[in-house]
Amino acid sequence: MAILENENISTVSSYFDLLTSMSNLESARQNERNASELYKAACAKGEIGTISDSDLMQLRVGLLNANANVLTAENDYLEKMNALKNYLGLDENTEITPVVPDVKTIPSVSIEDIRRKAYENNPIYDNFKIRLIEAEANVVKEKRERFPDVNLNLSVGTTGSHPTLGGAYTHLGNRQIAQIGISVPILDWGKRKGNYIQAKADYDLTVSKTEREEREFNEKVRILAEDFLDQQKLAKIYREAESVALERYNIALNRFAVGDISVTDLNYAEQEKDNARRNYIYQLYLSGLYYYNLRYITLFDFEKGTNIVYDYEYKR
């Protein structure tokens, strides 16, 4: 199950790589159209002397940069498209049109809910318990074996001889013997005691390590849960920021057309617009990434409210 959830995380990353690339391509093409229109308008102004040569050349450079940005964005988009199709095992002729998803949300969930689900479902906690049980069992074993082994030997048989084979096996009752012996090691150079001490030290170390690893994992769960819940709010903020930046850019275009602002101010507004768009998509990516990471560590589907269980069907 964890492996399949990890595949979901990888798929989210590949999908948003393509979505980001598509968004960059759309912005590059729109910027190219705007740069072309502005340069044409500036050329017309240049003929009547209402624009400086410096501004005109700056617009020309801006148009050339916009042309180059489109080519770069197109190549990147094709690269990301092929990467996603290869990852999904799709035919090269298959066309994928990524869409901007909604923000991933989990209704009525708290950090404690997430931590509890992780504790109930994640096998790492069972691993902690198994390691402690094994270390404790080794201590018990070495404690039991730290005293010398006393071996009791008992042998019963016959003894005697006879010139003939038949005579050797007659009147055995008169020649029966029994022997009892005890063997006790006198000295083992402290090996057994050392093994017991080492087992206790190993147990103490295992307890310390598992407690530390459990605290670290619990902290990881807490941080991931907080990041996800915060991401839902951040995505909404960046969505609004994108809307404001786009509106500001449109206003800047109109003001530049009537000569109220410089080319530098217009370029700055364009950069803000593009950055705001990228930031919003990146927040959506983080929202999906954190969500599937939560599924990965809790093995719980928060949208359906059920544990994640996969049915495997093998076909021959």
* So Ile114, is it β-branched (Val, Ile, Thr) and in a helix (DSSP H, G or I) -> yes
(Q) Taking the conditions exactly as written (on the phi < 0 side of the Ramachandran plot, surrounded by 15 or more Cβ atoms within 10 Å (Cβ to Cβ) and either assigned to a loop (DSSP other than H, G, I, E, B) or without any contact (Cβ under 8 Å) to a residue 12 or more places away in the chain (or both)), does Thr105 satisfy them or not? (A) yes
Taking the range 188-237 and keeping only residues that are within 19 Å of the chain's Cα centre (by Cα) and either farther than 20 Å from Ile114 by Cα or free of Cβ contacts under 8 Å to residues at least 40 places away in the same chain (or both), one is left with Arg215, Glu216, Glu219, Ile223, Asp230
(message) Arg116 - would you say it is open to solvent by 90 Å² or more (accessible area, probe 1.4 Å), free of Cβ contacts under 8 Å to residues at least 60 places away in the same chain and within 24 Å of the chain's Cα centre (by Cα)?
(response) yes
Note on the range 45-54: residues without any contact (Cβ under 8 Å) to a residue 12 or more places away in the chain and open to solvent by 50 Å² or more (accessible area, probe 1.4 Å) are Lys45, Glu47, Ile48, Gly49, Ser52, Asp53, Ser54
All-but-one check, Ile237 against (1) touching a Lys or Arg at 6+ places or on another chain (Cβ under 8 Å); (2) under 27 Å from Phe16 (Cα atoms), failing number (1)
Here the residues within the range 79-101 that are in a loop (DSSP other than H, G, I, E, B), closer than 23 Å to Leu4 by Cα and in contact (Cβ under 8 Å) with a residue 12 or more places away in the chain are Ile96, Pro98, Pro101
Note on the range 72-89: residues surrounded by 14 or more Cβ atoms within 10 Å (Cβ to Cβ) and in contact with a helix residue (DSSP H, G or I) (Cβ under 8 Å, 6 or more places away or on another chain) are Ala73, Glu74, Asp76, Tyr77, Lys80, Met81, Ala83, Leu84, Tyr87
Selection from the range 52-66 of residues more than 38 Å from the chain's Cα centre (by Cα) and not hydroxyl-bearing (Ser, Thr, Tyr) yields Asp53, Asp55, Leu56, Met57, Gln58, Leu59, Arg60, Val61, Gly62, Leu63, Leu64
* Residue check, Lys233 of a type in the set (D, E, K, R) and open to solvent by 70 Å² or more (accessible area, probe 1.4 Å) -> yes
Counting only residues that are among the small types (Gly, Ala, Ser) and open to solvent by 30 Å² or more (accessible area, probe 1.4 Å), the range 257-284 contains a total of 3
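Please find, among Ser287, Ser243, the residue that is open to solvent by less than 70 Å² (accessible area, probe 1.4 Å) and without any contact (Cβ under 8 Å) to a residue 12 or more places away in the chain.
Answer to the check: Ser243.
Condition check ((1) of a type outside the set (Ser, Thr, Tyr); (2) open to solvent by 80 Å² or more (accessible area, probe 1.4 Å)) across all residues:
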| residue | (1), (2) |
| --- | --- |
| Glu7 | yes, yes |
| Ser27 | no, no |
| Ala35 | yes, no |
| Leu56 | yes, no |
| Asn65 | yes, yes |
| Val70 | yes, no |
Picked from the range 171-228 (must be open to solvent by less than 60 Å² (accessible area, probe 1.4 Å) and aromatic (Phe, Trp, Tyr)), the residue modelled with the highest pLDDT is Phe217
Tell me, please, whether a residue that is modelled with pLDDT of 75 or more, under 28 Å from Leu205 (Cβ atoms), open to solvent by 50 Å² or more (accessible area, probe 1.4 Å) and within 36 Å of the chain's Cα centre (by Cα) can be found in the range 142-165. no
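The values are calculated or read from the model by the stated rules, or taken from the named source; none is laboratory data. This one's a predicted model, so the numbers in the text were calculated from it and none came from an experiment. Backbone-built Cβ (ideal geometry, glycine too); neighbour counts: all protein chains shown. The area values use the complete protein model at the heavy-atom level, side chains included, leaving out ligands, DNA and RNA. Shrake-Rupley method; radii C 1.70, N 1.55, O 1.52, S 1.80 Å.
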